[in-house]
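The values are calculated or read from the model by the stated rules, or taken from the named source; none is laboratory data. Just so we're clear, the structure is a prediction, and the values are computed from it rather than from any experiment. Reconstructed Cβ throughout: ideal geometry from the backbone, glycine too, with neighbour counts over all protein chains shown. Note: areas computed on protein heavy atoms with side chains; ligands, DNA, RNA excluded. Shrake-Rupley method; radii C 1.70, N 1.55, O 1.52, S 1.80 Å.
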Amino acid sequence: MSYQHLPKLDLHCHLDGAVRPETLVALAAEAGLSWPPDAASRCRVAATCRSLPEFLKTFEFFLPALGSRAGLRRAALELCRDMKADGVIYFEARFSPTLWVDAGFAPEEAVEGALEGLRKGEAETGVKSGLILCGIRNFPPERTLVAAKLAYKYRDRGVVGLDIAGDERSPLAAHREGFAEARKLGVPITIHAGEAGPASNVREALEFGATRIGHGVHVVEDPAVLAEAVKRGATFEMCLTSNLMTHSVDQMANHPFAQFLRDGVRVTLNTDDPGVQGSTLTQDFERAEKELGLGKPELKRAVLHAVDAAFASESTRASLRARIEEGWR
Ligand code: HPA
Ligand code: ZN
């Protein structure tokens, strides 16, 4: 069946990884960058990609084009339109506002550009959203602290949480201060862990205060960590297409999503980087049906897990829950 017109949530979507390639090409031209003729295809993950670090290489190519207030505003607005077309009624977009500090583009400007786009997008499409700010594991830890402070500063203007993304070989421990600040300030925390790295990274993320885990597929390798995550009521933000592209799982049949869902683990289905992957959330729902054998009642449960875990007010979650119940009847 088609899941396109069923109401869905996307809690794990990178704003920078969601930009349409043609928009990046246009932004590069506006910025006066001289991009090669094959630039649009270089904004997509290569079919030969075998790992998370290779996957992340794609971002290095196009990120210079996105480092402006107007660029982030446009990216966020178009993301609302793309989500609307895909049947998404609420999403949380994330990005690192400190990506362009070396180029002189200030983190506050980055946050404001993204928020302006999300606000305009909600007014136009009715799609609700929140913004999560990221640190990057393989970047200076001071930037994670900057992201934590900005998440607090902009908490009443659409920023809903703190994350850390990037190369999982770089230790989370270096970023202790940023997450301590977030906990102190009451900023909700999600952390990429157990994607390319081991189950112990998931334990570390829980200890850092994460109530949601980005991916976490490798948690299956340590039942004690999985049990700890379940005990704490943590939610896993899983992303099927992305996990295949980064080879976090070697084949879909080995993805833990279906088993987790059937075992009552709080799992959700998300896009990760729809622009870079050339994928949609609907496609991942259809993959879950065709390749993992999940049916509509089970997938509805995953959407309801996302409602429960959304970094949104109880009244927003109640209204999302009602719309899911209505739409998936
Ligand atoms: N993992 C880590 N960093 C990222 C990802 C991811 O899946 N996508 C974009 N940045
Ligand atoms: Zn991610």
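Some observations on this one:
- When residues of segment 266-281 are limited to those that are farther than 28 Å from Phe61 by Cβ and open to solvent by less than 10 Å² (accessible area, probe 1.4 Å), the one nearest to the chain's Cα centre (by Cα): Thr268
- Boolean, Leu56 is within 21 Å of Asn243 (Cβ to Cβ) and among the hydrophobic types (A, V, I, L, M, F, W, C): yes
- Candidate set: segment 1-20, residues that are away from ligand 2 (no atom under 16 Å from the Cβ) and either open to solvent by less than 10 Å² (accessible area, probe 1.4 Å) or in contact with a Ser or Thr (Cβ under 6 Å, 6 or more places away or on another chain) (or both); chosen: the one farthest from Pro64 (Cα to Cα): Tyr3
- Scan segment 124-138 for residues that are under 17 Å from the mean Cα position of the chain (by Cα) and either within 16 Å of ligand 2 (Cβ to nearest atom) or crowded, with 24+ Cβ neighbours inside 10 Å (or both) and the total you get is 9.
- Any hit, segment 285-301, residues being out of contact with any Gly (no Cβ under 8 Å at 6 or more places or on another chain), within 16 Å of ligand 2 (Cβ to nearest atom) and at pLDDT 95 or above: no
- When segment 115-152 is filtered for residues that are among the charged types (D, E, K, R) and in contact (Cβ under 8 Å) with a residue 60 or more places away in the chain, only Lys128 remains.
- Residue in segment 104-114 that is small (Gly, Ala, Ser), farther than 26 Å from Val307 by Cα and without any contact (Cβ under 8 Å) to a residue 40 or more places away in the chain present: yes
- Test: residue in segment 38-60 that is within 24 Å of Leu281 (Cβ to Cβ), within 16 Å of ligand 2 (Cβ to nearest atom), touching a residue at least 24 places away in the same chain (Cβ under 8 Å) and among the aromatic types (Phe, Trp, Tyr): yes
- Filter pass, Ser279 being modelled with pLDDT of 95 or more, of a type outside the set (Phe, Trp, Tyr) and outside any helix (DSSP H, G or I): yes
- Selection within segment 191-204: residues that are away from ligand 2 (no atom under 13 Å from the Cβ) and touching a strand residue (DSSP E or B) at 6+ places or on another chain (Cβ under 6 Å). The member of this set that is least open to solvent (accessible area, probe 1.4 Å) is Val202.
- Output for segment 27-49, where each listed residue is under 23 Å from Thr246 (Cβ atoms) and either assigned to a helix (DSSP H, G or I) or of a type in the set (D, E, K, R) (or both): Asp38, Ala39, Ala40, Ser41, Arg42, Arg44
- Whenever a residue of segment 243-256 is in contact (Cβ under 8 Å) with a residue 24 or more places away in the chain and open to solvent by less than 80 Å² (accessible area, probe 1.4 Å), its partners that are charged (D, E, K, R) and part of a helix (DSSP H, G or I), lying with C-beta atoms within less than 6 angstrom and at least six residues away or across chains, give the pairs Met252/Glu291.
- Residue count, segment 257-268 (criterion: without any contact (Cβ under 8 Å) to a residue 60 or more places away in the chain and within 16 Å of ligand 2 (Cβ to nearest atom)): 2
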